[in-house]
Amino acid sequence: MTRNRAFLIVMDSVGIGGAPDAGQFFNNDTPDTGANTVGHIAQAQTLHLPNLDRLGLGAAIRLASGLDAPGLTAAAEGLWGGATEISPGKDTPSGHWEIAGVPVPWEWTYFPKTVPAFPDAVTARICELAGTQGILANCHASGTQVIEDFGAEHLRTGWPICYTSVDSVLQIAAHQDHFGLDRLIALCEGLAPMLHQMRVGRVIARPFLGERPGEFSRTPNRRDFAIAPPADTILDIAAGAGRVTHAVGKIGDIFSHRGITHLHKGKSDADLADHLLRLGREAEPGSLTFANFVEFDTNFGHRRDIPGYAAQLEWFDSVAGQFMNLLGPGDLAIFTADHGNDPSWTGTDHTRERVPVLGFGLGARGLGLVGFSDIGASIMAHLELPAPQHGKSFI
């Protein structure tokens, strides 16, 4: 067995513009044409990203979208390029599955922006599983605002707070103590098969604490129940070959915990960075580490917070530098993203963009434009394993 190790690190929503089909995707009624997450942040304020830029981030932005991002002008010293998605979505599962060699073969089901948002049969099933006479919200909503708006009524009635978004998702918020964390997770797990049959991508448990409006806050005990990929991913292939696989952050949830040897979770991206640095030192020969850093997206992209997103990029750049210093011969690290979430854009949805492909461990080389699935195929080639059904190695 090869001693080569592979680290695939997804910077959630760190897009670089230029998706050729962006005009087919919308935020409210505005097409995503011209969205560019990193490029527009760089135009709004100075970015200091020496580690990612020396790998080729600025060069990748120019390649993907034609934009010269201010401050990102270093000569590329790594493996660099841009990747284009073919799956018919701009969401987390679509991006990750395709990176892992399985483009989404169907159209996701999305709930309408109506009140109620959910079909009667779905509402009835939630009530049956929860043992309640009804549900609250039943609409599109922000996850933090919906508990502020309905938290007190939830405490009074015991009814779960059910909401959706522009993603293919049904989220259920309930008080971690009064409703019960185990009860909430069992409710979401029991509902998931019905929603997955409808091609809804995820059912998410969203526990919160607090006793009155102004005090409600979500806890870290979120659980995602995602539809399983329809074919073997790079995780399945590696695990099937007897390799150790490490899933950092949301990866376990995104892939329905298939093909995963060890799961590494945390309350924040800072916790996940500690896991990644430790795995840089300790991951086994021949192993695959697949990591997702979500706070770019959840804390700053959806909230259209340009300064916050910029600060998160600079923090992660420091983590990336520390991580690369831990790697040795035979190690490959690829930094990429799953979609965009331009904080300068209208609306609060993801944005359809190309993503960077930045590699450390194989010297300096421009890749040009590749497909999302080519990333997974290249990881498998480095590990000397069979490629997934889709994708062609660029190494």
By average Cβ neighbour count within 10 Å, what is the ranking of 306-319, 74-87, 343-356 from highest down? 343-356, 74-87, 306-319
Taking θ = phi - 60°, what integer Hz values does the Karplus form 6.51 cos²θ - 1.76 cosθ + 1.60 yield along the range 129-144, in sequence order, with x for Gly and Pro? 6, 7, x, 10, 8, x, 10, 10, 6, 6, 7, 6, 7, 6, x, 7
Taking placed amide H atoms and a strict 5 Å upper bound, the residues 5 or more places from E353 or on another chain that come that close are G340
Straight-line reach from K392: which aspartates and glutamates fall under 15 Å, measuring Cα to Cα and dropping same-chain residues less than 8 apart? E85, E98, D374, E384
Which one of L383, Q312, I204 is farthest out on the positive end of the charge dipole of the chain, using unit charges on Cβ (Lys, Arg +1; Asp, Glu -1) and the Cα centre as origin? L383
Fraction of antiparallel bridges per DSSP, the chain only, in percent to nearest 5: 35
Can you pull the three principal axis extents for the Cα set of the range 97-195, in Å, largest first? 46, 28, 25
Please say if the chain is rounded, prolate or oblate, where rounded means a/c under 1.5 for a ≥ b ≥ c the square roots of the C-alpha gyration tensor eigenvalues, and otherwise the choice is prolate for a/b larger than b/c and oblate otherwise? prolate
Given a Förster distance of 25 Å, the FRET efficiency implied by the Cβ-Cβ spacing of L369 and R223, rounded to the nearest 0.05, works out to 0.10
As straight-line cross-link partners of K267, the qualifying lysines (C-alpha separation under 26 Å, not fewer than 8 residues apart within one chain) are K90, K250
Counting other Cβ atoms within 10 Å, keep those with at most 12, restrict to DSSP loop, and tell me which trypsin sites (Lys or Arg not before Pro) in the range 262-313 are left. K267
Out of the total accessible area of the chain (probe 1.4 Å, heavy atoms of protein only), what percent is carbon and sulfur? 50
Just to check I understand the Karplus step: with θ = phi - 60° and J = 6.51 cos²θ - 1.76 cosθ + 1.60, what whole-Hz values come out for the range 264-274, glycine and proline as x? 10, 10, x, 7, 7, 4, 4, 5, 5, 4, 4
Rg to Rh for the range 174-328: what is it, with Cα atoms only and Rh by Kirkwood? 1.00
When the Karplus curve 6.51 cos²θ - 1.76 cosθ + 1.60 is applied with θ = phi - 60°, which whole-Hz ³J(HN,Hα) does each residue of the range 339-348 get, with x for Gly and Pro? 4, x, 7, 5, x, 8, 8, 6, x, 10
Tell me the per residue accessible area of the chain using a 1.4 Å probe; a whole number in Å² is fine. 37
Using a basic spin-label model with each label point 7 Å from the Cα along Cα→Cβ, how many nm lie between K265 and D21? 3.4
Quick check on the range 193-318: of the DSSP beta bridges with both residues there, what percent are antiparallel, nearest 5%? 45
Residues of the range 106-131 with amide N under 20 Å of a point placed 7 Å along Cα→Cβ from Q145: 111-118
Taking the convex hull of the Cα atoms, report for the range 264-395 its projected area averaged over all directions, in nm². 8.8
So how tilted is helix 181-197 from the main axis of the chain? Cα-based, degrees 0 to 90, rounded to 10. 70
Structure-based [θ]222 nm, the chain - -39500 (n - 2.57) summed over DSSP H runs of at least 4, per residue, nearest 500: -10000 deg cm²/dmol
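The values are calculated or read from the model by the stated rules, or taken from the named source; none is laboratory data. The model shown is predicted, which means the values in this text are computed figures rather than measured ones. Note: ideal-geometry Cβ built from the backbone for every residue, glycine included; neighbour counts use all protein chains shown. Side chains are part of the model used for accessible areas, which takes the heavy atoms of the whole protein and leaves out ligands, DNA and RNA. Shrake-Rupley method; radii C 1.70, N 1.55, O 1.52, S 1.80 Å.
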